[in-house]
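First the structure, in the form of structure tokens, and then the observations on it.
The values are calculated or read from the model by the stated rules, or taken from the named source; none is laboratory data. Every value quoted in this text rests on a predicted model; they were computed, and no experiment measured them. Positions of Cβ are generated from backbone atoms using ideal geometry, with glycine treated the same way; all protein chains shown enter the neighbour counts.
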Amino acid sequence: MASFLDDNADLLYYLGEGIDWGALAALGEGGFRHADGFKNAADALGFYREVAALVGVFAAEEVAPYAAEIDRAGVVFGDGEVHFPPRLTAIFEKIGALGLHGLALPRELGGMNAPILLYYVCAELLGRADASVMVHNGFHGAIALAMLVLSSSEGTTTLDPSTGRVVKTRFSEEIAEIAAGRAWGSMDITEPDAGSDMAALRAAATCDAAGAWTITGQKIFITSGHGKYHFVIARTGPLDAGLDGLSMFLVRAFQDLPDGRRVRAVTIDRIEDKLGQHASATAALRFDRAPAQLVGQPGDGFRQMLELINHARIGVGFEAIALCEAALRLARAYAAERRSMGRAIDRHELIADYLDEMEIDVVGLRALAMHAAFEDEIGHKKALYGRFLPGGDVAQLAREVEVHRAAARRATPLLKYLAAEKAVELSRRCLQIHGGIGYMREVGAEKLLRDALVMPIYEGTSQIQALMATKDTMAAIMRAPQDLLRRHAQARWRALSSRDALERQVARLQQLSLSAQQHIATRTMTDKVRATKGAPLASWPAAMLKQWNPRRDFTFALLHAERLTRLLADEEIAVILASQAHRHPARRSLLERHLERALPRARFLHDEITHTGQGLLARLAARERGEGAGAASSAAGGGSVTG
Ligand SMILES: Cc1cc2nc3c(=O)[nH]c(=O)nc-3n(C[C@H](O)[C@H](O)[C@H](O)COP(=O)(O)OP(=O)(O)OC[C@H]3O[C@@H](n4cnc5c(N)ncnc54)[C@H](O)[C@@H]3O)c2cc1C
């Protein structure tokens, strides 16, 4: 029987010694003291492996063989509803019957209480079979988890103080429906004039005298928007309140009556006719005074959305890795068979180099994804359940939570950025390795490329990930510049004195990354000093310490954000693989292969950051001054007309 788990040694590593499943299980199982839970880490891990094995076979045997058929059939819009073709319906009925929608939900809410990391592993297995099946599947369990996360943070979930089990939660009915496979949801943010720029969102929520909220407005590009439960970001403050005027709502999009009729509160205007991901419906929605429940407080919406979207970004990371894995395998199999000029094409140096790079890319990305997901989950679980473990030191726990969260915050945009970009790159290479036949539908390489192309766009574009990673890096340097110098000195010392040749190379990579960061920070400070120069002396302290304008003062950092992000991601992967190699020497060769490619890349990126950009920034500034003058004169002209 084919299995997408058994044939994947790297994934098997993470289902064994590569991850501290015991720590995740202990927190989720209340120190193994729950009467209906696992009694020890070995039992829990045994169960996690069984689930992954089952999904590995399901993906290989019951999803992958139908991926091309599902892609051709797509989903259909008719009578105001979205209809799945029978094959897709059968797949989701099976996923529901296996209980997978409740995989990471607490047992007391109808779930299996497994770690979210196991959910991501299963997502990767499904995504290798078909990215869009994985995506639609994600809008079941992840929406139920979002309900739990948001109700916990608004204080409407009560835990038993002696065990940490959920006693009561605001959305228990909805969660039970999703866990049973009878409903799913969506996340409704994007509007026709507001995508990356959330401050421009216009859909408005109003509250009547009786305290009942309704939403009016339009949302577009909503994945699985034909679902029942919609988290909707809507404006409760004026437009000029920007992000602070946004709030989070849960909207029940329809009600199914006992006589079989469906009454809709949210209208589906259309489903998008899109390039790929055909098993996932992308809907345009209309809200016309749709009844809504406020979640949290008015004005909390952007913060709540960030909390949810970070998980979604890790999810896209795994989705992209799944696609990379599929592209690598398809390319490798073809290259071993296809002969050209007397040899199989995988014996031609150039193709062998492509395949080698693709292999190590997948290994590096998976290391980054597992690290981000583990740190995120252990941080959240320690914060939520740590106090229920025997002998916990609360202050120590709080420090650990902060360390885990910082690690997850650093790794998540790097993962979303690099995995999504690599999904496009690797699927394009897979097509190229196939030559002409790759361009034909029969092989499936073009489908991988079509499915991949959206990954750098949704859940925050690649450019937005790069801006976030750069902003966080620069903010840390501005807060503690001495820390950068200390880390630089340490890296220099290790690059010279470490007894391990690979550790010396990791340190060299870190030196290049830190040197690029230092260059950007120095340039930013120099520009700020120059801009402050013309101002009165008395205003300098405030200008240097407080008045930082993200648009005006960080132009150099923003210009190089993507280059810096690539450098940071290569560095992060090297550090993770080095730590694995330290614990498990069999992983050393992977670190070696990553470094062989990452070091020259880092030198190139470092050179670009330190030697390019001045000319473009000068031209942009001149254009901005010109536009400013134009805008000022047209405003003056307008004034004279009305005057
Ligand atoms: C298939 C699909 C499914 C989707 N699913 C959902 C969903 O479920 N829910 C939902 O709410 N949305 C969803 N979206 C919408 C998606 O999140 C947005 O398309 C995305 O955030 C980009 O917004 P935009 O399309 O308005 O592009 P824009 O924001 O207009 O961006 C256009 C380009 O400009 C770049 N850019 C923008 N601002 C900056 C800046 N400051 N600096 C540098 N570059 C910048 C962007 O990176 C991009 O390259 C989906 C989209 C697609 C295609």
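Remarks
- When restricted to residues that are within 17 Å of LEU590 (Cα to Cα) and touching a Lys or Arg at 6+ places or on another chain (Cβ under 6 Å), region 325-354 contains 2.
- Residues within region 539-591 that are aliphatic (A, V, I, L, M) and in contact (Cβ under 8 Å) with a residue 60 or more places away in the chain, tallied: 15
- Residue satisfying all of: in region 178-189; over 14 Å from VAL251 (Cα atoms) and crowded, with 19+ Cβ neighbours inside 10 Å; nearest to the ligand (Cβ to nearest atom) among these: ILE178
- Only one entry in VAL63, VAL57, VAL135 is within 16 Å of the ligand (Cβ to nearest atom) and either assigned to a helix (DSSP H, G or I) or at pLDDT 95 or above (or both), namely VAL135.
- Screening the candidates GLU349, GLU325 for the property of being of a type in the set (D, E, K, R) and within 24 Å of TYR119 (Cα to Cα) yields one hit, GLU325.
- Considering each residue of region 550-567 in turn, at least one proves to be of a type in the set (S, T, N, Q), at pLDDT 95 or above, in a helix (DSSP H, G or I) and surrounded by 17 or more Cβ atoms within 10 Å (Cβ to Cβ).
- If you go through region 450-463 and keep only what is touching a residue at least 60 places away in the same chain (Cβ under 8 Å) and of a type outside the set (D, E, K, R), you end up with ALA452, LEU453, VAL454, MET455, TYR458, GLY460, THR461, SER462, GLN463.
- Strands (runs of 3 or more DSSP E) fully within region 233-303 that include at least 2 residues being free of Cβ contacts under 8 Å to residues at least 24 places away in the same chain: 254-256.
- Matching residues in region 467-504 - criterion: being within 16 Å of the ligand (Cβ to nearest atom) and over 19 Å from the mean Cα position of the chain (by Cα): MET474
- Hits in region 33-81 (condition: surrounded by fewer than 19 Cβ atoms within 10 Å (Cβ to Cβ) and of a type in the set (Val, Ile, Thr)): VAL57, VAL76
- Restricted to region 452-466, and to residues there that are more than 6 Å from the ligand (Cβ to nearest atom) and among the aliphatic types (A, V, I, L, M), the residue that is farthest from SER132 (Cα to Cα) is ALA466.
- Residues satisfying the stated conditions in region 215-226, i.e. surrounded by 20 or more Cβ atoms within 10 Å (Cβ to Cβ), more than 10 Å from the ligand (Cβ to nearest atom) and more than 11 Å from ALA290 (Cβ to Cβ): HIS226
- Test: residue in region 193-214 that is over 27 Å from SER462 (Cβ atoms), at pLDDT below 95, more than 16 Å from the ligand (Cβ to nearest atom) and not in a strand (DSSP E or B): no
- Within region 367-398, the set of residues being modelled with pLDDT under 95, in a helix (DSSP H, G or I) and not aliphatic (A, V, I, L, M) comprises HIS380, LYS381, LYS382, TYR385, GLY386, ARG387, PHE388, GLN396.
- On the stretch given as region 132-158, residues that are under 23 Å from ARG33 (Cβ atoms) and either in contact with an Asp or Glu (Cβ under 9 Å, 6 or more places away or on another chain) or in contact (Cβ under 8 Å) with a residue 24 or more places away in the chain (or both) total 2.
- Filter pass, TYR439 being more than 25 Å from PRO600 (Cα to Cα) and within 16 Å of the ligand (Cβ to nearest atom): no
- Sole residue being within 30 Å of LEU590 (Cα to Cα), touching a residue at least 40 places away in the same chain (Cβ under 8 Å) and not aliphatic (A, V, I, L, M), chosen from ASP20, ASP36: ASP20
- Single unsatisfied condition, ARG409 versus (1) touching a residue at least 60 places away in the same chain (Cβ under 8 Å); (2) under 19 Å from the mean Cα position of the chain (by Cα); (3) not in a helix (DSSP H, G or I): (3)
- Screening GLU174 against (1) in a helix (DSSP H, G or I); (2) touching a residue at least 12 places away in the same chain (Cβ under 8 Å); (3) out of contact with any strand residue (DSSP E or B) (no Cβ under 9 Å at 6 or more places or on another chain); (4) within 30 Å of ALA279 (Cβ to Cβ) leaves a single unmet condition, (3).
- Taken across region 472-493, residues that are assigned to a loop (DSSP other than H, G, I, E, B), over 28 Å from ARG593 (Cβ atoms) and touching a helix residue (DSSP H, G or I) at 6+ places or on another chain (Cβ under 8 Å) do not occur at all.
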